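A short write-up of the structure that comes next.
What follows is calculated from the coordinates using simple rules that are stated; it is not laboratory data. What you see is a predicted model; the values in this text were computed from it and never measured. Cβ sites come from the backbone with ideal geometry, for glycine too, and all protein chains shown count toward neighbours.
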Ligand code: DOR
Ligand code: ZN
Ligand code: ZN
């Protein structure tokens, strides 16, 4: 049993003061004055007016293990997730040995089940030749989606075959695209439209890390015709641009102009961009300082404080924040609604106020750095609850049984 005294929870477009009782893994009671004495076994947490949000879901994480364990592994990555307020992550397939078949998939599942501190799902990558493998029952029941790389990035998994790009829409799992820019976006939309003539019920098309105004406009146009198109924004493309961050700035897609970031914020307000994915892509600082630095930023520990501040500043509405970080991803991947309501599974994160600097308490991600290092923030996550039990609190992590999620495998 956990009783939160004096928290603020999202309610419509406002924040509501309440006490919250969690029992048997669920939100049991939400009301202004719950008596402390009912907690016989468990704890009372005085939140001192802090904010309680649904724990976040990240559909776009590069855990790196197996293969690139010197950058990150399942333990460090899932702990970074918990510290950042995430209860669930979905892992990309561009490992050293790419995840393209049931053998590589099951090998990763085995490692993650042993080491992860959060619930997780796994993607398989499309190649020019593996669509039949992806269609197999034994693969379909293990994946939460199919990742398609249309352009260069870590791992070099580029799909060229037109047949593969058309047939991937014959399988039911969400198809996630690394477009490489507007040309790749046009290309995949062409195949999606073509498939729509032959396939009665198209899978979700999820456009990763939208970064330019041009892409936002194109997605806006296509979403009118295809409601199953969803688009992702990353915190780094929202908050960073070519002019305000130049340090270890190699990332794909590249940081764009400030006007592009503005267009992403507008895209969020208009419902063109629907999900925040961190694209947590850790590389060591030595690698980043080298001659040909690999692309990618870590992002799990910094996303929530940044977004929450944007919400308090009025840049995003509270309901949009919840949809972007939890509700939409949960519905896309079939893992329940994730709101703070009586009877719902208690996955939540407590944010407390202070004068904090990003990175002042160190990083949990093995790569140990952040492009947001040193930024002032007013709120930070201090406690993450998953399935009603404390998984992270003030620098300490608690391992519990975790769930392997495949789309629609779990209804909460
Ligand atoms: O910058 C990036 N790094 N973009 C990606 O799409 C992949 C990622 C990685 O895996 O390093
Ligand atoms: Zn990508
Ligand atoms: Zn990525």
- Note on the structure: One finds, for residue 357 and residue 128 with R0 = 45 angstrom and r their Cβ-Cβ distance, a FRET efficiency to the nearest 0.05 of 0.45
- Length-normalised contact order of the stretch 264-397 in % [C-alpha pairs under 8 Å, at least 6 apart]: 24
- Query: Where does each of 181-187, 170-176, 289-295 land if you order them by average Cβ count within 10 Å, highest first?
  - Reply: 170-176, 181-187, 289-295
- Considering only DSSP beta bridges with both partners in the chain, what is the antiparallel share in %, to the nearest 5? 50
- Query: Tell me, in nm to one decimal, what length is gained between residue 250 and residue 14 on full extension, where the rule is 0.36 nm per residue of separation less the Cα-Cα distance?
  - Reply: 81.2 nm
- Computed FRET efficiency, Cβ-Cβ of residue 198 and residue 342, R0 41 Å: what is it to the nearest 0.05? 0.35
- When only C-alpha pairs under 8 Å and at least 6 residues apart count, what is the relative contact order of the chain, in percent? 21
- Query: Could you give the length gained on full extension between residue 243 and residue 141, defined as 0.36 nm per residue of separation minus the Cα-Cα distance, in nm?
  - Reply: 32.3 nm
- Task: Order these peptides, 63-69, 215-221, by their mean beta-carbon neighbour count within 10 angstrom, highest first.
- Result: 63-69, 215-221
- Residue separation between residue 103 and residue 152 times 0.36 nm, minus their alpha-carbon distance, gives in nm 15.2 nm
- Message: Quick check: the angle from helix 258-269's long axis to the longest principal axis of the chain, C-alpha only, nearest 10 degrees?
- Response: 70
- Compute the acute angle (0 to 90°) between the alpha-carbon long axis of helix 102-115 and the principal axis of greatest extent of the alpha-carbon atoms of the chain; round to the nearest 10°. 20
- 222 nm mean residue ellipticity, helices alone, for the chain (DSSP H n ≥ 4; -39,500 (n - 2.57); rounded to 500): -7500 deg cm²/dmol
- Message: For the ranges 396-404, 383-391, 126-134, 88-96, what's the packing order if you count other beta-carbon atoms within 10 Å of each residue, average per peptide, and put the highest first?
- Response: 88-96, 383-391, 126-134, 396-404
- Note on the structure: In this structure, the FRET efficiency calculated for residue 224 and residue 399 from their beta-carbon separation, with R0 = 30 Å, to the nearest 0.05, is 0.05
- GNM, the chain, Cα, under 10 Å: largest mean-square fluctuation among 351, 52, 312? 312
- Pick out which of 299, 85, 343 has the largest mean-square fluctuation in a Gaussian network model of the chain, springs linking Cα atoms closer than 10 Å. 343
- Task: Give the angle, between 0 and 90 degrees and rounded to the nearest 10, that separates the Cα long axis of helix 74-83 from the longest principal axis of the Cα atoms of the chain.
- Result: 50
- What is the fewest-to-most order of 152, 237, 283 by other Cβ atoms lying within 10 Å of their Cβ? 152, 237, 283
- Relative contact order of the stretch 128-200, defined on C-alpha pairs under 8 angstrom at six or more residues apart (%): 33
- Compute the semi-axes of the equivalent ellipsoid of the stretch 281-353, taking the square root of 5 times each eigenvalue of the Cα gyration tensor, and list them largest first in whole Å. 31, 16, 12
- Can you list, bin by bin at 10 Å, the percent of alpha carbon pairs in the chain, starting at 0? 5, 24, 34, 26, 10, 2, 0
